[in-house]
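Scroll down for the structure; my scribbles are underneath it.
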Amino acid sequence: MKIVVKIKLVPSKEQAELLLEYIKTFNAAATEAARVGYENKSYSQIDIHRLCYKSLREIFKIPSQTAVRAIGKAVRVFAGDRKKCPVFKSRGSATYEGRNFSIKENGTISISVLSGRIIIPYIICDYFADRIKSIKGQADLIFRNGMFLLHCTTDFVEPKVKPFGECIGIDLGITNIATDSDGLKYEGVHLEKNRKRFLLSKTTLQRRGTRSSRRMLKNNSGRQSRYQRQVNHFISKAIVAKAKALGLGISIEDLTGLKARCEKTVGRRQRSMISNWSYSHLRKCISYKAKMAGVGVVCVDPRNTSRTCFSCGFCKRNNRKTQSIFLCKACGYTDNADVNSAKNIKRLGEIVNLPHK
Ligand SMILES: [Zn+2]
């Protein structure tokens, strides 16, 4: 499996200008390569190379690999669409060959710009830190919000999934983002407060409807989604680490039903909460982190998991005392509602995983 390792470069002001100059030149060269290819009805790397490799190097004063990668950027677009000639944004991504950058473990990166190599400090999150050595091949230099990021692709040989009999069941919920079948709730203390703040400001801003409020809404949505992603990484990491340590699989609900289920069972306020939380991203995080750790994942049909009694299997909508407390009308079993769901999901996962059981 391929994973993308993201590295944030911390250039000085002069270095930032050199990087930006490189990006702009790269994209101008890619646009020129696309133009030449388009006008000559040539869409392959070899054909465009033959037509304009030399002139690209002369016009833009770029090294060999930069010209090759600029042509490559045009070719990638032609692979999907030959109907129009692409014009690349001047600050779009620039591709680097593996030999044009090297990431040192001392926290610096040596990277080519038009005038030669420069050495820039970088920041990498702990999660990726031990992957630096495995980075090879090409990378994309990206300029976003005033920051330079290098997205490097690494090959990751995923371990074999360990066979498992038992699962941790994960309920993705409304009161808590995730709850497991042992009753552990995955949510930071500060989380709920933040989530409410984001929601509140969204509603307030939507109601206002002015141009500046729309702009703020847009900024907020970016901030909120980055925040959610961060929390999702945090939660999924904890879940996978637990499953791995205990030698268990992970049973998780198939999300297609989640939104539909919520529309029926919860009020508008909670519905807005659930549609505002990126559960599909959380599920993706759990899946790929599990894959990397060799932990098995099973998906189960979530229908009725919240209204079925874990103890006796009795299923009825009013099996809940409140949103957070489950109380079985048949046998009197009571539990936290999310924990009861998570236990049902755990059991379903184990049945799916071991059909003979
Ligand atoms: Zn019961």
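Some values worked out for this structure:
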item: Every residue from segment 135-159 that is more than 19 Å from the chain's Cα centre (by Cα) and under 17 Å from residue 92 (Cα atoms); result: 138, 146
item: Checklist (1) crowded, with 19+ Cβ neighbours inside 10 Å; (2) not in a strand (DSSP E or B) applied to residue 161, failing item; result: (1)
item: Exclusive hit being surrounded by 11 or more Cβ atoms within 10 Å (Cβ to Cβ), under 14 Å from residue 23 (Cα atoms), hydrophobic (A, V, I, L, M, F, W, C) and within 27 Å of the chain's Cα centre (by Cα), set 132, 124, 111, 103; result: 111
item: Top-ranked residue in segment 289-317 [being small (Gly, Ala, Ser) and in contact with a Phe, Trp or Tyr (Cβ under 9 Å, 6 or more places away or on another chain); ranked as farthest from the ligand (Cβ to nearest atom)]; result: 296
item: Selection from segment 318-344 of residues that are within 9 Å of the ligand (Cβ to nearest atom) and assigned to a helix (DSSP H, G or I); result: none
item: Evaluation of residue 221 against (1) of a type in the set (Gly, Ala, Ser); (2) part of a loop (DSSP other than H, G, I, E, B); (3) modelled with pLDDT under 80 (one fails), failing number; result: (2)
item: Elements of type helices (runs of 4 or more DSSP H) in segment 1-109, at least 1 residues being touching a Lys or Arg at 6+ places or on another chain (Cβ under 6 Å) and either free of Cβ contacts under 8 Å to residues at least 12 places away in the same chain or not β-branched (Val, Ile, Thr) (or both); result: 13-39, 64-80
item: Residues of segment 136-158 classified as aromatic (Phe, Trp, Tyr) and surrounded by fewer than 17 Cβ atoms within 10 Å (Cβ to Cβ), total; result: 1
item: Check on residue 149, within 26 Å of residue 235 (Cβ to Cβ), in contact (Cβ under 8 Å) with a residue 24 or more places away in the chain and of a type in the set (A, V, I, L, M, F, W, C); result: yes
item: Flag for residue 23 being modelled with pLDDT of 95 or more and more than 17 Å from residue 116 (Cα to Cα); result: no
item: Inter-residue pairs, beta-carbon under 6 Å, first charged (D, E, K, R) and in segment 314-334, second in a loop (DSSP other than H, G, I, E, B) and more than 8 Å from the ligand (Cβ to nearest atom), 6+ apart; result: 317/307; 329/316
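The values are calculated or read from the model by the stated rules, or taken from the named source; none is laboratory data. Computed from a predicted structure; not experimentally measured. As a convention, Cβ positions derive from the backbone with ideal geometry for all residues, glycine included, and neighbour counts pool all protein chains shown.
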